[in-house]
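J.: This is the structure I have questions about; it appears just below.
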Amino acid sequence: ELGPIAAAKVPLTPGRSVAVDRLLHTFGTPFYIDAPSLTAFDKKPFRRLMIAQDTGSAITGPARGDLFAGTGDAAGEIAGVVRNPADFYALIPRPLVREAGR
């Protein structure tokens, strides 16, 4: 009833869960994803806050992600056409940014 379970051991949320490279990102990290050419989700440019909850063998490198569209035929159709360029912004606390700058 809750949907598929992610690698982060939580249910995936359609349109809000993203798979990331676990060697680079931590599960639970919020990402703002801006993909103006992606309109398959709601016929508008895709600009959305998502949470890193999953991973996959094809998700390698800092600029790769997989957006979870959901389950069922409609979600399968969306997933089949999502190959769009996007800007990914990892949202991290300011103290961590200052620490990394040292």
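The values are calculated or read from the model by the stated rules, or taken from the named source; none is laboratory data. Computed from a predicted model, the values in this text were never measured in an experiment. Note that each Cβ is placed from the backbone with ideal geometry, even for glycine, and that neighbours are counted across all protein chains shown.
J.: Taking the stretch 1-60 as the region of interest, how many residues are in a loop (DSSP other than H, G, I, E, B) and either of a type in the set (A, V, I, L, M) or over 23 Å from Pro85 (Cβ atoms) (or both)? It would help to see each step written out before you state the result.
T.: Within the stretch 1-60, the first condition is being in a loop (DSSP other than H, G, I, E, B), and the residues that meet it are 1-4, 6-10, 12-16, 20-29, 36-45, 55-60.
With the extra rule that they be either of a type in the set (A, V, I, L, M) or over 23 Å from Pro85 (Cβ atoms) (or both), the set shrinks to 1-4, 6-10, 12-13, 20, 23-24, 26-28, 38, 40, 58-59.
Looking only at that region, the number is 21.
J.: In the stretch 3-53, how many are more than 10 Å from the chain's Cα centre (by Cα) and among the aliphatic types (A, V, I, L, M)?
T.: 11
J.: Take the residues in the stretch 1-28 that are among the polar types (S, T, N, Q) and modelled with pLDDT under 95, then tell me which one is farthest from Gly70 (Cα to Cα).
T.: Thr26
J.: What is the residue count in the stretch 59-102 for residues that are charged (D, E, K, R) and either closer than 16 Å to Lys43 by Cα or touching a residue at least 40 places away in the same chain (Cβ under 8 Å) (or both)?
T.: Count: 5.
J.: Filter the stretch 49-78 down to residues that are charged (D, E, K, R) and surrounded by fewer than 18 Cβ atoms within 10 Å (Cβ to Cβ) and give me whichever is farthest from His25 (Cα to Cα).
T.: Applying the filter and picking the extreme gives Asp73.
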